[in-house]
Amino acid sequence: MRNKRNWKIEILGILLAILWLVPFYLMFVNSFKTKKEIFMDVTSPPEKWSFDNYITAFKELDFLQTLFNSLFITVTSVVLIIFFSAMAAYALSRAKSRISTVLFFLFVAAMLIPFQSVMIPLVTVFGQFEMLNRGGLIFMYIGFGASLSIFLYHGALNNIPRSLDEAARIDGANRWQIFWHIIFPMLKPITVTVAILNIIWIWNDYLLPSLVINKTGSETIPLKMFFFFGEYTKQWHLALAGLTLAILPVIIFYFFAQRSIIKGVSDGAIK
Amino acid sequence: MRTKDFAYWLFLAPVLIALTLVVIVPMLLGVYYSFTSWNGITTGEFVGFQNYINLLQDERFLDSLWFTTKFAIVSVILINFIGLSLALIVTSRIKTSSLLRTTFFMPNLIGGLILGFIWQFIFIKVFASVGEMIGMDSLQVWLSTTETGFWGLVILMSWQMAGYIMVIYIAYLQGLPKELIEASEIDGANSFQRFRYIVFPLVAPAFTVSMFLTLSNTFKLYDQNLSLTGGGPYNSTEMVAMEIFNTAFVQNTFAYAQAKAIIFFVIVAIVALFQVYWNKRREVEL
């Protein structure tokens, strides 16, 4: 193959990338300005990099508490989704029968149901059982997240030979030991994919927590951001500082795990 | 493990219970409620198809359905076009390939609600001040008219989702057999012919995946709609998901909202199944 680089394409790509970053640039530079400065000029960097807006936004968002709420809900839900989905997919892939086929189909078919179609009865029923709280929310995430995760695990499990299970059984391992010590570690690549897809979804989810969490102090970042934005609609300097703060954890996560994230998202979409 | 083993059911129990209580029971209840006059407090009585008959004459609902359809069609085309273009750019022989990939993909990690707020600032503040600078009045009114609200949503979604779709196309482009491309080069195919007759048919499976993802994401859009336009002006940019939410929780007509939600499900399911079927038929077998 010819070894020439495509300069024109490269320049086009770089220009597009700059265009892609413009919204973030505008958010960032204006978050350091005063209200008056934004009014005068939105495109250039601030005259003075003042953190005043951030101090206000940090306090108003109750940032550490909100960040902790998001972390707690996301981590707990994702760990449980991984664990329970892998177990279920293992059972479905190892016991080949009509029941397994029907159950697998049920999980896949559930993916077609839009959230809005179950939203109203879900909230009413859970409300009657006093389950509109963090525990209820995590339980709901398991219900909504299981389908795709089981689907992904099921595909990966079909590629692990059953002779492995049998060998372990002859050596005296029970069902649980076979799953936990032999099969689950072999599923690590798909576990990363499942984890990343669920983290992105749950971390950013707004509608479900907005219906379930109604206690002040338990809000996740998107939820708190919605209220914060509503309060500061005409005060862009504060709103933008809040938005930058809200995005920061994601950017840090992306910086350290970008390779796995892009791979996970692409594997999850294709399989 | 066999299906009559106790262990089988033990392994399945947690997700089966969760799916049943969170998806299956609410879905069945939802179908039932859609035939009643339930308002969330009293169970209401059985009204047959009355809710469904009413929604056929509900202009606000039909408008939102039409707006959503237009938005989905325009967005699907644009997102796939931009996504495939970006994929072709970053998979060509360039130095900055991985940096560009990282940049284009970044908006996908951030929630739609937050992205909508950022773009609200851009459309309202930045567009207005740039418009003033260069003397273009049309930049002053963004998001305050139906048209600009529509294009605002399209721009936001294209910017957000193109990088996601790019990643999918990249996966398929990298799976292309190199020999085939080289053979076509030797046979004297130019780059357009190579794309049209070799790359394009071979990445057909990527279209199935990408079209499905973009269509379902744009049709079910809620967060971005809420934070960018909030449905305004005068509910003219309200999409189906938001219309259902408002019918339920603003107007408190639960059963009626549920009937709309069932129609919404039927449309989403038909589109999804039809699309998978149609795309599978024309995929090239390797």
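Matching residues to (1) closer than 14 Å to residue B:88 by Cβ; (2) of a type in the set (S, T, N, Q):
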{"residue": "B:161", "(1), (2)": "no, no"}
{"residue": "B:168", "(1), (2)": "yes, no"}
{"residue": "B:171", "(1), (2)": "yes, no"}
{"residue": "B:184", "(1), (2)": "no, yes"}
{"residue": "B:198", "(1), (2)": "yes, no"}
{"residue": "B:203", "(1), (2)": "yes, no"}
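Do any helices (runs of 4 or more DSSP H) lying entirely in segment B:93-191 carry at least 3 residues that are charged (D, E, K, R), buried (at least 17 other Cβ atoms within 10 Å of the Cβ) and touching a residue at least 12 places away in the same chain (Cβ under 8 Å), and which ones are they? It comes to none.
I'd like the residue in segment A:33-62 that is among the hydrophobic types (A, V, I, L, M, F, W, C) and within 14 Å of chain B (Cβ to nearest Cβ) and, out of all such residues, is nearest to residue A:148 (Cα to Cα). Ranking the qualifying residues of segment A:33-62, first place goes to A:61.
Scanning segment A:88-135 for residues that are at positive phi and within 7 Å of another protein chain (Cβ to nearest Cβ) yields a total of 0.
Only one of the listed residues (B:74, B:25, B:31, B:47) is under 28 Å from the mean Cα position of the chain (by Cα), farther than 30 Å from residue B:146 by Cβ and in contact (Cβ under 8 Å) with a residue 12 or more places away in the chain. That residue is B:31. If you take the residues of segment A:42-85 that are among the small types (Gly, Ala, Ser) and in contact with a Gly (Cβ under 8 Å, 6 or more places away or on another chain), which of them is nearest to residue A:240 (Cα to Cα)? Top of the filtered list is A:57. Quick one: is residue A:70 closer than 30 Å to residue A:161 by Cβ, assigned to a helix (DSSP H, G or I), in contact (Cβ under 8 Å) with a residue 12 or more places away in the chain and within 12 Å of another protein chain (Cβ to nearest Cβ)? So residue A:70 does not fit the description; no. Sub-6 Å Cβ pairs linking a first residue in segment B:195-220 that is assigned to a helix (DSSP H, G or I) to a second residue that is surrounded by fewer than 19 Cβ atoms within 10 Å (Cβ to Cβ) and among the hydroxyl-bearing types (Ser, Thr, Tyr), at least 6 apart or interchain, are B:198/B:184, ordered by first then second residue.
Residues checked against (1) in a helix (DSSP H, G or I); (2) within 26 Å of residue B:257 (Cβ to Cβ):
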site	(1), (2)
A:85	yes, no
A:108	yes, no
A:118	yes, yes
A:123	yes, yes
A:126	yes, yes
A:131	no, yes
A:147	yes, yes
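Of the helices (runs of 4 or more DSSP H) contained entirely in segment A:153-271, those carrying at least 1 residues that are small (Gly, Ala, Ser) and over 14 Å from the mean Cα position of the chain (by Cα) fall at A:162-170, A:207-212, A:221-231, A:236-270. On the given criteria, is residue B:8 assigned to a helix (DSSP H, G or I), surrounded by 14 or more Cβ atoms within 10 Å (Cβ to Cβ) and free of Cβ contacts under 8 Å to residues at least 60 places away in the same chain? It is true that residue B:8 is assigned to a helix (DSSP H, G or I), surrounded by 14 or more Cβ atoms within 10 Å (Cβ to Cβ) and free of Cβ contacts under 8 Å to residues at least 60 places away in the same chain.
FYI, it's all coordinate maths here, none of it is from the lab. Just so it is clear, the model here is predicted, and its values are computed rather than measured. Positions of Cβ are generated from backbone atoms using ideal geometry, with glycine treated the same way; all protein chains shown enter the neighbour counts.
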